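*Asks:* Dumping the structure here so I can ask a few things about it.
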Amino acid sequence: MSRFYFLFLFCGLFLNPLIAQITCASEDSVLFKEKLNQLKHIQTSSLGDSIVAIGKSFLDTPYVEKTLEVGAKESLVINLRGLDCTTFVENVLAFGLQIKEDEKLLMDFAKNLETIRYINGELNGYPSRLHYFTEWIRNNQSKGLVQDITSEIGGEPIEKPINFMGTHRNLYPFLADDTNYEEILKVESDLAKETLCILPQNKIEGQEAHIQNGDIIALATSIKGLDVTHTGFAIRVNDRIHLLHASISGSVTITEEPLTDYLKKIKSNTGIIVARPTLISSQTP
């Protein structure tokens with residue numbers, strides 16, 4: 001318990017309900033201050049370039065899966081020491097908001113993460129987390145934080161049931177709770193009403209000119225019940241689009257090969273979904 005940021009736990013009892021739901025190690029509070037000092041000097045010509053600069057500041061950060069599965073109930077996990085592909089994207093955007101709003105406090109960063117990570121920006125138990133990445137994109141679009149541009153660059157609509165969590169309950173410890181399970185089934189029922197729009201793998205290279213630095217790239221999949229298996233940011237290298245991502249192979253890195261070649265190695269990949277960060281508003285609807 002000595003690892004955790006005691007100020008959060010103490011103040012959470014008396015001041016802010018969110019504070020009481022935060023899990024943050026003391027190492028992460030130190031890293032937050034260091035990174036904010038590093039990033040405040042960023043000078044770029046566009047939001048996309050700023051997103052890439054923030055993402056590159058995480059290079060070599062270890063890949064660690066299931067960092068959000070902490071404790072007996074859902075908490076707002078702040079972990080800058082180890083990232084999976086989704087938490088990498090979330091932390092980069094949270095720092096983007098932090099810089100845009102000229103915020104300096106860790107509590108502001110926590111609120112930004114909550115806004116990005118949870119349905120309508122409010123932590124309300126495990127089902128309130130945006131588990132499916134297509135749901136993550138839609139909900140963050142409604143907040144003014146991203147814009148799904150897939151259809152604008154040649155994406156094609158497909159119909160596919162998204163129900164992996166509901167059909168693989170045993171893989172998710174929090175779904176042992178019947179209430180959580182029923183709520184996830186409701187989420188999946190709502191997702192069934194939506195149409196996926198995907199830029200097919202064989203059309204990506206022809207649309208590279210329309211993908212910008214800092215665009216969020218989500219890898220669509222043929223795996224039954226899943227929408228997306230991986231995500232990261234577009235980064236232009238020698239006029240080709242590569243992927244800046246938290247790689248399961250070890251750490252945050254930039255793909256050596258262009259995105260199109262990288263995807264050809266993934267048998268289940270069917271294409272990509274592209275969402276452009278806008279960070280228009282840090283306020284929830």
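*Asks:* Does at least one position in the range 242-256 carry a residue that is within 23 Å of Arg138 (Cβ to Cβ), open to solvent by 10 Å² or more (accessible area, probe 1.4 Å) and under 16 Å from the mean Cα position of the chain (by Cα)?
*Replies:* No, the range 242-256 contains no residue that is within 23 Å of Arg138 (Cβ to Cβ), open to solvent by 10 Å² or more (accessible area, probe 1.4 Å) and under 16 Å from the mean Cα position of the chain (by Cα).
*Asks:* Take the residues of the range 115-134 that are in contact with a helix residue (DSSP H, G or I) (Cβ under 6 Å, 6 or more places away or on another chain) and part of a helix (DSSP H, G or I): which is farthest from Ser29 (Cα to Cα)?
*Replies:* Among those residues, the one meeting the criterion is Pro127.
*Asks:* Here is a further query. Does the range 149-167 hold any residues that are over 16 Å from Thr195 (Cα atoms) and open to solvent by less than 60 Å² (accessible area, probe 1.4 Å), and which are they? Show your work before the answer.
*Replies:* Our first condition is that a residue be over 16 Å from Thr195 (Cα atoms); within the range 149-167, this holds for 153, 164-167.
Ile153, Phe164, Met165, Gly166 - these are the residues of the range 149-167 that are over 16 Å from Thr195 (Cα atoms) and open to solvent by less than 60 Å² (accessible area, probe 1.4 Å).
*Asks:* Counting just the residues of the range 96-122 that are of a type in the set (A, V, I, L, M, F, W, C) and under 20 Å from Gln21 (Cα atoms), which one comes out nearest to the chain's Cα centre (by Cα)?
*Replies:* Taking the candidates together, the pick is Ile116.
*Asks:* Is it the case, given these coordinates, that Arg117 is touching a strand residue (DSSP E or B) at 6+ places or on another chain (Cβ under 9 Å) and open to solvent by less than 10 Å² (accessible area, probe 1.4 Å)?
*Replies:* yes
*Asks:* Scan the range 257-285 for residues that are aliphatic (A, V, I, L, M), modelled with pLDDT of 95 or more and open to solvent by 30 Å² or more (accessible area, probe 1.4 Å) and report the count.
*Replies:* Quick first cut of the range 257-285, residues aliphatic (A, V, I, L, M) only: 259, 263, 266, 272-275, 279-280.
Checking the rest, the ones that are also modelled with pLDDT of 95 or more come to 259, 263, 266, 272-275.
Right, trim to open to solvent by 30 Å² or more (accessible area, probe 1.4 Å) and you get 266.
Total satisfying the criteria: 1.
*Asks:* Now, a different point. Only residues in the range 107-129 that are under 16 Å from Ala72 (Cβ atoms) and among the hydrophobic types (A, V, I, L, M, F, W, C) count as the first member; pair them with residues that are open to solvent by less than 50 Å² (accessible area, probe 1.4 Å) and part of a helix (DSSP H, G or I), Cβ under 7 angstrom, at least 6 apart or cross-chain, and list the lot.
*Replies:* Listed pairs, sorted by first residue: Leu123/Glu114.
*Asks:* For the range 194-216: of the residues being crowded, with 20+ Cβ neighbours inside 10 Å and touching a Leu at 6+ places or on another chain (Cβ under 8 Å), which is farthest from Arg129 (Cα to Cα)?
*Replies:* Ile204
*Asks:* Name the residue, out of Asn79, Asn37, that is within 22 Å of Phe174 (Cα to Cα) and of a type outside the set (Phe, Trp, Tyr).
*Replies:* Asn79
*Asks:* Here is a further query. Looking at the structure I just gave you, is Val146 in contact (Cβ under 8 Å) with a residue 12 or more places away in the chain, surrounded by 17 or more Cβ atoms within 10 Å (Cβ to Cβ), in contact with a Pro (Cβ under 6 Å, 6 or more places away or on another chain) and not aromatic (Phe, Trp, Tyr)?
*Replies:* Here the answer is yes, as Val146 does meet what is asked.
*Asks:* If Gln212 satisfies all but one of (1) out of contact with any helix residue (DSSP H, G or I) (no Cβ under 8 Å at 6 or more places or on another chain); (2) farther than 23 Å from Thr67 by Cβ; (3) in contact (Cβ under 8 Å) with a residue 60 or more places away in the chain, what's the number of the condition it fails?
*Replies:* (1)
*Asks:* Also: Give all pairs with beta carbons closer than 8 Å in which a residue from the range 255-273 that is among the basic types (Lys, Arg) meets a residue that is open to solvent by 10 Å² or more (accessible area, probe 1.4 Å); count only pairs at least 6 apart in sequence or on separate chains.
*Replies:* Sorted first by the residue in the range 255-273, then by its partner, the pairs are Lys264/Gln201.
*Asks:* Would you check which residues across the range 83-114 are open to solvent by 40 Å² or more (accessible area, probe 1.4 Å), part of a helix (DSSP H, G or I) and touching an Asp or Glu at 6+ places or on another chain (Cβ under 8 Å) and list them?
*Replies:* Answer for the range 83-114, where residues must be open to solvent by 40 Å² or more (accessible area, probe 1.4 Å), part of a helix (DSSP H, G or I) and touching an Asp or Glu at 6+ places or on another chain (Cβ under 8 Å): just Asp108.
*Asks:* Taking the residues in the range 38-82 that are without any contact (Cβ under 8 Å) to a residue 40 or more places away in the chain and part of a helix (DSSP H, G or I) as candidates, determine which candidate is surrounded by the most Cβ atoms within 10 Å (Cβ to Cβ).
*Replies:* Ala53
*Asks:* Out of all the residues in the range 172-193, which are under 22 Å from the mean Cα position of the chain (by Cα) and open to solvent by 90 Å² or more (accessible area, probe 1.4 Å)?
*Replies:* Across the range 172-193, the qualifying residues are Pro173, Lys186.
The values are calculated or read from the model by the stated rules, or taken from the named source; none is laboratory data. Note that the structure is a prediction, hence the values are computed from the model and not measured. Cβ coordinates were reconstructed from backbone atoms using ideal geometry, including for glycine residues, and neighbour counts include every protein chain displayed. When the accessible area is computed, the model is the full protein with side chains, heavy atoms only, and any ligands, DNA or RNA have been set aside. Shrake-Rupley method; radii C 1.70, N 1.55, O 1.52, S 1.80 Å.
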